[in-house]
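Participant: One structure, pasted below without further comment.
The values are calculated or read from the model by the stated rules, or taken from the named source; none is laboratory data. Since this is a predicted model, take the numbers as computed values, not measurements. Cβ placement follows ideal geometry from the backbone for every residue including glycine, while neighbour counts extend to all protein chains displayed. We work out accessible area using only protein heavy atoms, side chains counted, and drop any ligands, DNA or RNA first. Shrake-Rupley method; radii C 1.70, N 1.55, O 1.52, S 1.80 Å.
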Amino acid sequence: MKTNELKQIFSAFENQRTNQLPDTLGEPSGQKLEQTYLSVTATNHTSSTYTFSSCGSTSMEALKHILHKYINTIDTTHFTIRGLKLDFILSANPYENFSTAEEAEGEKLPFKRGTDGLAFGNDLAYVLLPEEVRGHDVLPKKVLSLDAAVNALNEQVSTPALVKEDLQHLPFFRIRRSSYYVDPSSTVKLRNGLYVHRSINADQLRKAIEWTNRFYFQNIVKKDGSFIYTYDPALRIEVDDYNMLRHAGTAYSMLETYEITGTDEVFYNAERALEFLAGSTAPVETKDGEGAVLLDEGYRKLGGNGLAMVALAKYTELTNDDRYLPLMRKLGRWIIDTMDEEGKFTIHKQRHTTGEVREFESLYYPGEAMLGLLRLQAVETAEDTQWKDAAAKASRYIIHVRDKDVTKDTVEHDHWQLYALNDLHKFEEDPIFQKQAYFIANAIMSTQMINEAKHPSWIGGFTVPRLPPEPTSTACRSEGLSACWELATRTGDDAYAKRLLASVQASVRFQLQFQLRPGSIVHYKDPLLTLGAVQRTFASPELRIDYTQHNISSFCALYQMLNRTKF
């Protein structure tokens, strides 16, 4: 569908004038049905959403039917349209093992979340888009609930009030659709309800960062400084769970966005999150004096101390306020206290009340701890290099002992270690640090789908840890490659830096489709809590703070790269 056609359609709905519709309207490509089935959803992006469905021999006929329903239903004195989403039904495949919906109720059905919708009746009289199926839990664990389907359909303006019996004897279908979104400032072709980004530049990244700043980051911090940790925007459910490492990482990413945009509200929220973080620490004794640990559900965690220092050091760097410097030193002392003579961190997880050391070891905690020490070193006011020295010792242990036998196929794609290696090289230009960073970066890039993938939407993602690729695991790799890019650029390795930049651009372009924009939240009831966030996967709209944390950090990194690059 053409941009001017979409703008004319929006104008016709905005002004409730059928004569403002375009003169002609093309049929959706890929349509396999004899008639055109169309659902149109109007939203004010705050509290109200209205969905209308109809069919016709052409797209224009179906659209006119819907516009007439809209004009006869909507009172514009109480509803101002801000966006319009059009969903054309391309295919409808019956569930062959069941002749009616009643036979299938309670049965597990083949269904692709985020892609498939449902329709009831041979004339597809009742249509539920994928977002509506998810938002009303019509297929919990892929098991059909007709009660939930009725509730979902009854929220549609154009559907007469239904009861369960109205659906029971109807055949039902799995549908696929083609979607468009239009508002006064944009027209977008959606893919499975998500935005498609065919190119990427600094301006687009700035807008992506601002979406997160203006909405998600301004609404996820609670009064006590903790975050709304996990939220399902479709079901409007907040999950009762928490992780202080991700809390620290999210506060850090908020400060990264503030560094670019200068949004005071986000800085204020980050300050409250840091106060909560500082209040979640506890004093401990170390061989070098008083230390401190960040507590996470009663445990001391090596990575927790590291990421706490990363976040607090960023605050110190941006403000020149050294209020957290004494705490960072205490956190650093405990990290150093866990190291043996070789440079190995001997404690990854320890029960705070008893001192019991768990057998658990994380491949990522050492990188987080090293980065925390190095970020403390960068803001340290005393003439003391112990933080850098400890990080260098730990890094050499990883390179020469822990990972001495790993290969390109077995090395961990550790973005925290890449961050640390870049920072460490600023203090000590030992070639072994750059060599290790390149080794990890090459391993990461060898798994990237650049030109070919099973699905076009996978391009830019990585074949590990699983397929389909997911935005957050991709973002972590983007972060690491961005840190390696800085190292390569600083040392004048322009050819390698150019290769790294191309890889990060491809991965961030993949990631951007998961960031929720106005067209992808039309069916959600809490736009302020969803806009700018990054959802979990293609199929799951779940929002957890670290999903947005890692993605926004990689957006910020690429934005800085594009503004600095000379290629």
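Participant: List the equivalent ellipsoid semi-axes of region 390-500 in whole Å, largest first, each obtained as the square root of 5λ for an eigenvalue λ of the Cα gyration tensor.
Facilitator: Working: eigenvalues 132, 51, 24 Å².
One finds semi-axes of 26, 16, 11 Å for region 390-500.
Participant: Starting from the amide H of Tyr95, placed 1.01 Å from N in the peptide plane, find each other amide H under 5 Å away whose residue is 5 or more places distant or on another chain.
Facilitator: Under 5 Å from the amide H of Tyr95: Phe172, Arg174.
Participant: Right, another one. When the solvent-accessible surface of protein heavy atoms is calculated with a 1.4 angstrom probe, in what order do Asp123, Asp403, Asp166, Asp414 fall, highest first?
Facilitator: Values: Asp123 90, Asp403 25, Asp166 65, Asp414 0 Å².
Of Asp123, Asp403, Asp166, Asp414, the descending order of accessible area is Asp123, Asp166, Asp403, Asp414.
Participant: Size of the dipole of the chain about the Cα centre, Lys and Arg at +1 and Asp and Glu at -1 on the beta carbon, nothing else charged, in debye to 20? Intermediate values should be presented prior to the final figure.
Facilitator: Numbers: 63 positive and 74 negative charges, 249 e Å.
It comes to approximately 1200 debye.
Participant: Here is a further query. Taking amide H positions as placed in the peptide plane 1.01 Å from N, state which residues far from Val239 in sequence (5 or more) or on other chains have amide H under 5 Å from it.
Facilitator: Thr230, Tyr231, Asp232
Participant: Once each part is reduced to its C-alpha centroid, what is the distance from region 13-28 to region 124-147 in angstrom?
Facilitator: Taking the Cα centre of each part, region 13-28 and region 124-147 sit 30 Å apart.
Participant: With a 1.4 Å probe and all protein chains kept in place, how do Thr18, Thr43, Thr261 rank by accessible area, largest first?
Facilitator: On the way: Thr18 60, Thr43 5, Thr261 30 Å².
Largest accessible area first, the list is Thr18, Thr261, Thr43.
Participant: Would you give the gap between the C-alpha center of region 476-508 and the C-alpha center of region 273-334, rounded to a whole Å?
Facilitator: 30 Å
Participant: With all protein chains present and a 1.4 Å probe, how do Trp485, Trp211 order by accessible area, largest first? Don't jump to the answer; show the numbers that get you there.
Facilitator: Details: Trp485 5, Trp211 55 Å².
Listed by decreasing accessible area, they come as Trp211, Trp485.
Participant: Shape call for region 173-244 from the C-alpha gyration tensor, a ≥ b ≥ c root eigenvalues: rounded (a/c under 1.5), prolate (a/b greater than b/c) or oblate?
Facilitator: Details: a/c = 2.63, a/b = 1.38, b/c = 1.91.
Oblate, because a/c is 1.5 or more while a/b does not exceed b/c.
Participant: Report the accessible area of Phe538, computed with a 1.4 Å probe over the heavy atoms of all protein chains in place, in Å² rounded to the nearest 10.
Facilitator: Number for this one is 50 Å².
Participant: Using the structure shown, select from Lys287/Lys404; Lys223/Lys314; Lys85/Lys108; Lys2/Lys454; Lys388/Lys426; Lys2/Lys32 the pairs with a Cα to Cα distance greater than 19 angstrom. Spell out each step's value before the answer.
Facilitator: Working: Lys287/Lys404 30 Å; Lys223/Lys314 22 Å; Lys85/Lys108 30 Å; Lys2/Lys454 28 Å; Lys388/Lys426 10 Å; Lys2/Lys32 21 Å.
Long pairs (Cα-Cα over 19 Å): Lys287/Lys404; Lys223/Lys314; Lys85/Lys108; Lys2/Lys454; Lys2/Lys32.
Participant: Compute, for Leu363, the solvent-accessible surface of its heavy atoms (probe 1.4 Å) with the complete set of protein chains present, and express it in square angstrom to the nearest 10.
Facilitator: Taking all protein chains as shown, Leu363 has close to 80 Å².
Participant: Also: Could you check how much of the accessible area of the chain is carbon and sulfur, as a whole percent, using a 1.4 Å probe? Don't jump to the answer; show the numbers that get you there.
Facilitator: Numbers: 10590 of 23530 Å².
Heavy-atom surface of the chain belonging to carbon and sulfur, 1.4 Å probe: 45 percent.
Participant: Here's something else I'd like to know. Just how much of Tyr95 is accessible, in Å², when a 1.4 Å probe is used and the result is rounded to the nearest 10?
Facilitator: 20 Å²
Participant: Relative to the compact globular guide of 2.2 N^0.38 Å, what is the alpha carbon radius of gyration of the chain, as a ratio? The partial results should precede the final answer.
Facilitator: Details: Rg = 26.3 Å, N = 567, 2.2 N^0.38 = 24.5 Å.
Against the compact-globule rule of thumb, the ratio is 1.08.
Participant: Is any helix in the chain, taking whole DSSP H runs, at least 15 angstrom long along its axis by alpha carbon and on average at least 0.5 on the Kyte-Doolittle scale, and which ones? Write down the numbers at each step before the final one.
Facilitator: Working: long enough: 3-15 (18 Å, -0.55); 59-73 (21 Å, -0.25); 244-261 (26 Å, -0.06); 264-278 (21 Å, -0.03); 302-319 (26 Å, 0.66); 325-337 (18 Å, 0.23); 365-379 (22 Å, 0.65); 386-397 (16 Å, -1.26); 415-427 (19 Å, -0.54); 431-445 (21 Å, 0.61); 471-490 (28 Å, -0.27); 494-512 (26 Å, 0.18); 545-564 (28 Å, -0.23).
For the chain, where a helix must reach 15 Å along its axis and average at least 0.5, the hits are 302-319, 365-379, 431-445.
Participant: Calculate, for the chain, the solvent-accessible area per residue in square angstrom, rolling a 1.4 angstrom probe over the heavy atoms of the protein chains. Mind dumping the intermediate values first?
Facilitator: On the way: 23530 Å² over 567 residues.
Per-residue value: 41 Å².
Participant: Label-point separation (nm) for Ala539 and Leu295, each offset 7 Å from Cα along Cα-to-Cβ?
Facilitator: Placing both labels 7 Å beyond Cα along the Cβ direction yields 3.9 nm.
Participant: Also, I was wondering about something else. What order, most packed first, do the peptides 296-309, 47-60 have when packing is the mean number of other Cβ atoms within 10 Å of each residue?
Facilitator: Details: 296-309: 25.1, 47-60: 18.4.
Most protected by this proxy first, the peptides run 296-309, 47-60.
Participant: Here is a further query. Relative contact order (percent) for region 195-564, with alpha-carbon contacts under 8 angstrom and 6 or more residues of separation?
Facilitator: Details: 656 pairs, mean separation 81.1, N = 370.
It rounds to 22 percent for region 195-564.
Participant: Here is a further query. For region 225-248 and region 347-389, what is the separation of their C-alpha centers, rounded to whole Å?
Facilitator: Going from one Cα centre to the other spans 25 Å.
Participant: With runs of 4+ DSSP H residues as the only contributors, calculate the mean residue ellipticity of the chain at 222 nm using -39,500 (n - 2.57) per run, divided by the residue total and rounded to the nearest 500. Walk me through the intermediate numbers first.
Facilitator: Values: 19 runs with 244 residues, N = 567.
Calculated mean residue ellipticity at 222 nm is -13500 deg cm²/dmol.
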